[in-house]
Structures are given as structure tokens and as C-alpha cells.
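First the structure, in the form of C-alpha cells, and then the observations on it.
The values are calculated or read from the model by the stated rules, or taken from the named source; none is laboratory data. All values derive from a computational prediction rather than experimental measurement. Reconstructed Cβ throughout: ideal geometry from the backbone, glycine too, with neighbour counts over all protein chains shown.
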Amino acid sequence: MLYSFLIHCIERYEKLDSAKFMIRISFFPPAHLSSEVLEEVYHYLDELEALFLPILETAADRGEIRSSIDVSKATAAFLGVMDAVIVEMLYGGPVRLQKRLDASWYLYWNGLMNE
């Protein structure tokens, strides 16, 4: 589900001007609107974290991820993976984006997986 969310973010960025605008203004807010934009961005990120936390808690309860994993930290780390993907969407182009997505997801998920 988390990986699908990242793919969905990429697809929205590629197809929707509104998604491009939101991401770009989040990273490069106009100086006179910076505090207002960042307040909304942080609210959005906090809401995402609140949505992803129960997903990871369920995965932990099912034994899909290691029991030693702190799900709060795993949720915050997922947002870090998402940030890396977004940075490559803005700066890197499709080849670099795919490379960053593949590497970040590989390490993130293999760090959580219960084998």
C-alpha cells in the first residue's frame, strides 16, 4: 500500500498541474506567503503521518514487519522516503527518479520486513 502511494504521487505529479503546483509551492513558497504555505504543508504532512501510522501498526500486528520496529519511527521514515522521491521529481527527471525510488524503497521495506 505504501509503495502504491508513492507511485500514485508520481503519477499525479506527471499528469496534474495542480499536483505540480502544490509540490513546487511547498518547496519554493513565495517569500511573502512562506509562513502560511509552510503551515499548510506541515499540517498535510502531519495528516499523512496520522493516516500511515495505523497501516504500519496493522502490518506489525499481522507479523508482516519485524516486531522490533517502532511503527512511529517507521511512519516518519516513510515520509523521508516520500521526500526523497519528491526531490527527484522536482530536480532529477524520470531516470533519476526511478533510481531513487527503487533504492529508497528497497532499503526501507527490507529494513521493516519480517523474514
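Quick notes on this one:
- G92 vs. criteria loosely packed, with under 13 Cβ neighbours inside 10 Å and either among the small types (G, A, S) or farther than 30 Å from M113 by Cβ (or both): no
- R100, sole failed condition from (1) in contact (Cβ under 8 Å) with a residue 24 or more places away in the chain; (2) in contact with a Gly (Cβ under 9 Å, 6 or more places away or on another chain): (1)
- Answer residue from the stretch 77-97, given it is of a type outside the set (A, V, I, L, M, F, W, C) and free of Cβ contacts under 8 Å to residues at least 12 places away in the same chain and is nearest to L53 (Cα to Cα) among those: G80
Rundown of residues vs (1) at pLDDT 95 or above; (2) of a type outside the set (G, A, S); (3) within 17 Å of the chain's Cα centre (by Cα); (4) part of a helix (DSSP H, G or I), yes/no style:
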site: E11; (1), (2), (3), (4): yes, yes, yes, yes
site: E14; (1), (2), (3), (4): no, yes, yes, yes
site: A19; (1), (2), (3), (4): no, no, yes, yes
site: P29; (1), (2), (3), (4): no, yes, no, no
site: D46; (1), (2), (3), (4): yes, yes, yes, yes
site: F52; (1), (2), (3), (4): yes, yes, yes, yes
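- Residue in the stretch 57-73 that is closer than 19 Å to I86 by Cβ and surrounded by fewer than 14 Cβ atoms within 10 Å (Cβ to Cβ) present: no
- Pairing each residue of the stretch 29-46 that is over 16 Å from M82 (Cβ atoms) with any residue that is not in a helix (DSSP H, G or I), provided the two are 6+ apart or on different chains, yields C-beta distances under 9 Å for S35/P29; E36/P29; V37/P29; V37/P30; L38/P29.
- Yes/no for K15 being touching a helix residue (DSSP H, G or I) at 6+ places or on another chain (Cβ under 9 Å) and surrounded by fewer than 13 Cβ atoms within 10 Å (Cβ to Cβ): no
- Of all residues making up the stretch 60-76, the number that are without any contact (Cβ under 8 Å) to a residue 12 or more places away in the chain and either over 21 Å from the mean Cα position of the chain (by Cα) or assigned to a helix (DSSP H, G or I) (or both): 5
- Any hit, the stretch 78-86, residues being surrounded by 19 or more Cβ atoms within 10 Å (Cβ to Cβ), more than 23 Å from I10 (Cα to Cα) and either at pLDDT 95 or above or under 17 Å from the mean Cα position of the chain (by Cα) (or both): no
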